[in-house]
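Okay, structure first, notes after.
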Amino acid sequence: MILTLVILAVSALFFAIGKIRSDVVAVCALILLMVFGILTPDEALSGFSNSVVIMMVGLFVVGGAIFQTGLAKMISGRIMKLAGDSELRLFLLVMVVTSAIGAFVSNTGTVALMLPIVVSLAAKGRINASRLLMPLAFASSLGGMLTLIGTPPNLVIQDVLTDAGYEPLSFFSFTPVGLICIAVGIIVLLPLSKLMLAKKGGGGEKGKAKAKSLEQLVSEYHLADNLSRYVVGQESSIKGMTIAELDVQNRYGLTVLEVRRETTRQKGLIKNVNQMLAGPRTVLNEGDIIYLTGEKDQAVRFAAEYGLAEPDKSHTGGEGQGGLDFYDIGIAEIVLLPTSRLVNRLLKESGFRAKYSINVVGIRRKGEYIMEDLADVRLHGGDVLLVQGTWANISRLSNEEENWVVLGQPLEEAAKVTLDYKAPLAACIMLLMIAMMVFDFIPVAPVTAVMIAAVLMVLTGCFRNVEAAYKTINWESVVLIAAMLPMSVALEKTGASAAISHSLVSGLGGYGPYVLLAGIYFTTSLLTMFISNTATAVLMSPIALTSAVESGLSPYPFLFAVALGASMCFASPFSTPPNALVMQAGRYTFMDYVKVGLPLQLIMGIVMVFVLPLLFPL
C-alpha cells in the first residue's frame, strides 16, 4: 500500500512540474506498478482496452470529421450570431449549451462534439481558444448533474438507495442541484479563466512568417474577378471533346482552371465531388462543370457556341474563396531562385505540366501580376509563380529546392480545407450517434455508438483519406487516460483507497452532520483525482449510507455528496476524460488545471455542503 501511494505521489509531482510529458509519466508509473508486482500485466494493460479509452479514440475521429466537413464552422456561425461581439455572451453560451447537452449525453461525448465547434467559435470571435476549452470540459461535468442519466455516479447512488430500501430518485431529482452547480461554475470560471487562461497558447507563433491563406491568394491574383462556370448539358456539342481540342486559350483568350464532376446518391444526402486539373487530354462528359477565367464576354460567347448552361443551386461550389473551392485541387506560390534551371526559359518549356501535373495560373514580378498569355512569358529569377494542381503534386514541388522554394506548407493548407458538401452527411451521422447514446430503447452501448459513427465518418468520405482520420486522434491524451486508469485498480487492490476513506469519515463522524457531510464530499473529491469517478462512487456510496444511518440522518444528502464529489473533479487533467480531451487543444499544463480547477472544486464543495441539507433535509 505504501509503495503504491509513493508511486502515485511521485507521479503527481512530475505532473505538477511539467518538465516531462504527462503520458510518459503515466506510462512510467504503470511500468513501476508491474515491476514491483502490485499489478499483473493484464491488470496494468486493462486501461488500453477500457471502453472509455476506446470511446475517446472514436470521439476524436467524429470530432475531426465535424471539423473537416465544415459542420463545426456552420454551427459556430449560428452561435456567433447569438453572441454578437460580446465575449461574455459567447462564454455564457458555451457554458449553457455544453451543460444542456451534458445532461443527456456522456461528458466525454459532449466535449468531443463541442470541441471543434468551440475552436471555430474562438477563431471567428478572435478569442484565444484556451479561454473557452477548459470551461467547456468543466461545463460537461456540471451538466451531468442535471439528470439521473447525466453521469455514472448518479446511477450508482440510485442503485445504493434502492438496494437499501429507500425511495428511488426520479429522472429530474438532480435538476435543482445541477442548476446550482452550473451557476457556481459560471460565477467562478468567468474571472478565473480570464485571469489564468487568456495568455495560454500562441506562444510559438511569434517570429514565424505566416503563409498566405487560400482566400488571400485568390484575392491577390484576382482569380475570381473573371471566373465563369458552365455545365456540359445533354445537348452540348462539347461532349467527348478534350481540352486541347477546344483550344480556348487561342480562340477565346480563356484559361480552363478545372473540370469538376459531381455524383449524388440517396436523395442528395451522399454527394461526391471529383476535381480534375484541366490537362490537354481531359475528356469532357455530360454534367461536368468547367471553370474558366478570362473576359466575361468571351466566356459567354464560348458557352453560346457550345450550348453550355450556368450551373444551378444543386451543384456544389460558388461559396468558397471567391467562387472557387479547393477540395482535391489547390493553389500555392513558389519563388524561382536566381540559379534555377528555368531562368530565361519560356513557361511552356518549363515542364511543370509534364513532370508535376501542375498548371501555372499567374506570375508576380516586382509587384506586377501577369495573368494572360503565360505560356510565352520568359521566366526571371525571383519570379513568384502561382501554381495549381492536386495538393499532393504541389507538395512534390518541395523536392526540387535547388530550383525554387515553395511558400507555406501545401499539405497543411489542404488539411484546413473543409469538405463542405459532406456537412449534411456528417450532421446525420452525429445525430444518429447522439440518438443511440440517449435513447434506452436503442440496444447499443455508448462505446459501440461512437465506434459506428467514427467508421461511418471514414467510409462516407467525411475525411480526405484514412490517414487524415488517424491524425485527428490525440494519442497523448489517450495514452494518459489508459495508463492512469489501472492506478485505481492498484489503490483498491492494496486497500489504500478503503483505508483513506474509512479513516477520514470515521474520524469526522463525531463533529456533527455538516462536518461529516463535508468529509464525505471532499474525501470523494480527493479520491476521484486518482480513481475513475464511477469507481470512487461505488467505493464511497456504501460508506456514506452507513455513516448517515448510524448517525440517525437521512442518507440522501450524503449520497448526493458522493455523486457530486465524484463528478465535480477539476483539479487535474486525468481525473475525467473531458479534462484530458481539451488538454492538448488548449495547450494546458498540469498546473493550469490546479490554478483554475482546484479553486472551483473547493468552492463547489463548500457551497454544496450548505445547499444539500436545504434541498434534502438531514
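The values are calculated or read from the model by the stated rules, or taken from the named source; none is laboratory data. Owing to the predicted nature of the structure, the values given are computational and were not obtained by experimental measurement. Note that each Cβ is placed from the backbone with ideal geometry, even for glycine, and that neighbours are counted across all protein chains shown. Calculation scope for accessible area: heavy atoms of the full protein, side chains included, ligands and nucleic acids excluded. Shrake-Rupley method; radii C 1.70, N 1.55, O 1.52, S 1.80 Å.
Every listed requirement among (1) out of contact with any Ser or Thr (no Cβ under 8 Å at 6 or more places or on another chain); (2) surrounded by fewer than 19 Cβ atoms within 10 Å (Cβ to Cβ); (3) in a helix (DSSP H, G or I) is met by residue 594 save one, (1). Can residue 275 be described as under 36 Å from the mean Cα position of the chain (by Cα), open to solvent by less than 30 Å² (accessible area, probe 1.4 Å) and at pLDDT below 70? Yes. Scoring residue 599 on the criteria (1) farther than 17 Å from residue 186 by Cβ; (2) open to solvent by 10 Å² or more (accessible area, probe 1.4 Å) leaves a single failure, condition (1). Residues in the range 392-407 that are part of a strand (DSSP E or B) and more than 31 Å from the chain's Cα centre (by Cα): 2 in all. For the subset of the range 225-254 comprising residues that are touching a strand residue (DSSP E or B) at 6+ places or on another chain (Cβ under 6 Å) and farther than 16 Å from residue 300 by Cβ, which member is surrounded by the fewest Cβ atoms within 10 Å (Cβ to Cβ)? Of everything passing the filter in the range 225-254, 242 is surrounded by the fewest Cβ atoms within 10 Å (Cβ to Cβ).
Taking residues in the range 578-596 that are closer than 18 Å to residue 186 by Cα, and partners anywhere that are at pLDDT below 80 and open to solvent by 40 Å² or more (accessible area, probe 1.4 Å), the pairs with Cβ atoms closer than 6 Å and at least 6 places apart or on different chains are 595/196; 596/196. Within the range 326-380, restricting attention to residues that are basic (Lys, Arg) and either in contact with a strand residue (DSSP E or B) (Cβ under 6 Å, 6 or more places away or on another chain) or assigned to a helix (DSSP H, G or I) (or both), the residue that is modelled with the lowest pLDDT is 353.
If the condition is being farther than 20 Å from residue 21 by Cβ, touching a Cys at 6+ places or on another chain (Cβ under 7 Å) and polar (S, T, N, Q), then the range 563-618 contributes only 601.
Does any residue of the range 408-417 turn out to be of a type in the set (A, V, I, L, M), part of a loop (DSSP other than H, G, I, E, B), open to solvent by less than 50 Å² (accessible area, probe 1.4 Å) and at pLDDT below 80? Yes, the conditions are met somewhere in the range 408-417.
Residues that are at pLDDT 80 or above and under 18 Å from residue 119 (Cα atoms) within the range 31-68 comprise 61, 62, 65, listed in sequence order. Filtered by the rule that a residue be under 43 Å from the mean Cα position of the chain (by Cα), over 19 Å from residue 221 (Cβ atoms) and open to solvent by 60 Å² or more (accessible area, probe 1.4 Å), the range 354-391 gives 354, 355.
Within the range 150-174, being in a loop (DSSP other than H, G, I, E, B) and open to solvent by less than 60 Å² (accessible area, probe 1.4 Å) holds for 150, 151, 164, 169, 173, 174. Is it true that residue 148 is of a type outside the set (D, E, K, R), modelled with pLDDT of 75 or more and under 16 Å from residue 175 (Cβ atoms)? Against the criterion (of a type outside the set (D, E, K, R), modelled with pLDDT of 75 or more and under 16 Å from residue 175 (Cβ atoms)), residue 148 qualifies. All of 183, 137 fail the test of being modelled with pLDDT of 75 or more, among the aliphatic types (A, V, I, L, M), open to solvent by less than 10 Å² (accessible area, probe 1.4 Å) and at negative phi, apart from 137.
Among the numbered conditions (1) surrounded by 15 or more Cβ atoms within 10 Å (Cβ to Cβ); (2) free of Cβ contacts under 8 Å to residues at least 12 places away in the same chain, the only one that residue 191 does not meet is (1).
Can you tell me which residue in the range 579-591 is farthest from residue 478 (Cα to Cα), limited to those that are open to solvent by 10 Å² or more (accessible area, probe 1.4 Å) and assigned to a helix (DSSP H, G or I)? Looking at the filtered set, the residue picked out is 591. Take the residues in the range 4-60 that are small (Gly, Ala, Ser) and in a loop (DSSP other than H, G, I, E, B); name whichever of them is surrounded by the fewest Cβ atoms within 10 Å (Cβ to Cβ). The selected residue is 37.
Take residue 509 and tell me if it is in contact with a helix residue (DSSP H, G or I) (Cβ under 9 Å, 6 or more places away or on another chain), farther than 30 Å from residue 59 by Cα, modelled with pLDDT under 85 and of a type outside the set (A, V, I, L, M). Here the answer is yes, as residue 509 does meet what is asked. The single condition among (1) part of a helix (DSSP H, G or I); (2) in contact (Cβ under 8 Å) with a residue 60 or more places away in the chain; (3) not aliphatic (A, V, I, L, M) that residue 547 does not satisfy is (2).
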